[in-house]
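**Q** I have a structure I would like to understand better, so I am pasting it below and will then ask my questions one at a time.
The values are calculated or read from the model by the stated rules, or taken from the named source; none is laboratory data. In this text, all values refer to a predicted model and were calculated from it rather than measured experimentally. Note that each Cβ is placed from the backbone with ideal geometry, even for glycine, and that neighbours are counted across all protein chains shown.
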Amino acid sequence: MNEHNLAEKEDAFKLIREVGENPSLNQRLLSRRLNISLGKTNYLLRKLAQKGIIKIVNFSKKPDKAKKLQYILTQKGMEEQMALTVHFLKAKEKEYRRLKEDYERQTSNRVQ
């Protein structure tokens, strides 16, 4: 997996988590909370909606006013959140092991 895909997966994971915790957040607030551009937020929301991970609901009463959207995490989205959580935990555990081995190798070289 290249670094770009990993970063996008991580941003999608964070976005799924934010939507799950607070579906009333708009794109601008999601963008600020995740520290990503508004365009990337829009792109990720649309991509996640196409995959059925989130549902975008328009609850505007007046068509002449700005759209009021709500982002709802679907059952598939909850499953995806769980799968991504497991993926990132495994990646962090692998990174921890590598760092621990590097540390042990360096400290054993100093003793000798």
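**Q** Considering only residues of segment 58-109 that are part of a loop (DSSP other than H, G, I, E, B) and either touching a His at 6+ places or on another chain (Cβ under 9 Å) or among the basic types (Lys, Arg) (or both), which is surrounded by the most Cβ atoms within 10 Å (Cβ to Cβ)?
**A** In this case the residue turns out to be 68.
**Q** Also: Name the residues in segment 14-24 that are in a loop (DSSP other than H, G, I, E, B) and in contact with a strand residue (DSSP E or B) (Cβ under 7 Å, 6 or more places away or on another chain), would you? Before the answer, list the steps.
**A** Applying the first criterion (in a loop (DSSP other than H, G, I, E, B)) to segment 14-24 yields 22-24.
Within segment 14-24, 23, 24 qualify.
**Q** Starting from segment 4-23, take each residue that is under 14 Å from residue 74 (Cα atoms) and surrounded by 15 or more Cβ atoms within 10 Å (Cβ to Cβ) and list its partners that are modelled with pLDDT under 85 and hydroxyl-bearing (Ser, Thr, Tyr), counting only C-beta distances under 7 angstrom and pairs at least six apart or across chains.
**A** Close Cβ pairs (under 7 Å, with a partner that is modelled with pLDDT under 85 and hydroxyl-bearing (Ser, Thr, Tyr)) do not exist here.
**Q** Mind listing whichever residues of segment 25-34 are basic (Lys, Arg) and either surrounded by 14 or more Cβ atoms within 10 Å (Cβ to Cβ) or not in a helix (DSSP H, G or I) (or both)? Break it down into steps so the answer makes sense when it comes.
**A** As a first pass, look at segment 25-34 and keep what is basic (Lys, Arg): 28, 32-33.
Matches in segment 25-34: 33 only.
**Q** Provide a single number: the residues in segment 35-52 that are within 21 Å of residue 79 (Cβ to Cβ) and either in contact (Cβ under 8 Å) with a residue 60 or more places away in the chain or in a helix (DSSP H, G or I) (or both).
**A** Qualifying residue count, segment 35-52: 7.
The rows are residues; the columns are (1) at pLDDT below 90; (2) more than 12 Å from the chain's Cα centre (by Cα).
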{"site": "19", "(1), (2)": "no, no"}
{"site": "30", "(1), (2)": "no, no"}
{"site": "33", "(1), (2)": "no, no"}
{"site": "36", "(1), (2)": "no, no"}
{"site": "42", "(1), (2)": "no, yes"}
{"site": "50", "(1), (2)": "no, yes"}
{"site": "58", "(1), (2)": "yes, yes"}
{"site": "61", "(1), (2)": "yes, yes"}
{"site": "65", "(1), (2)": "yes, yes"}
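**Q** Every residue in segment 84-103 that is at pLDDT 90 or above and within 15 Å of the chain's Cα centre (by Cα), please.
**A** Correct list: 86, 89.
**Q** Would you please name the residue that is farthest from residue 17 (Cα to Cα), looking only at residues in segment 45-86 that are in contact with a helix residue (DSSP H, G or I) (Cβ under 9 Å, 6 or more places away or on another chain) and small (Gly, Ala, Ser)?
**A** 52
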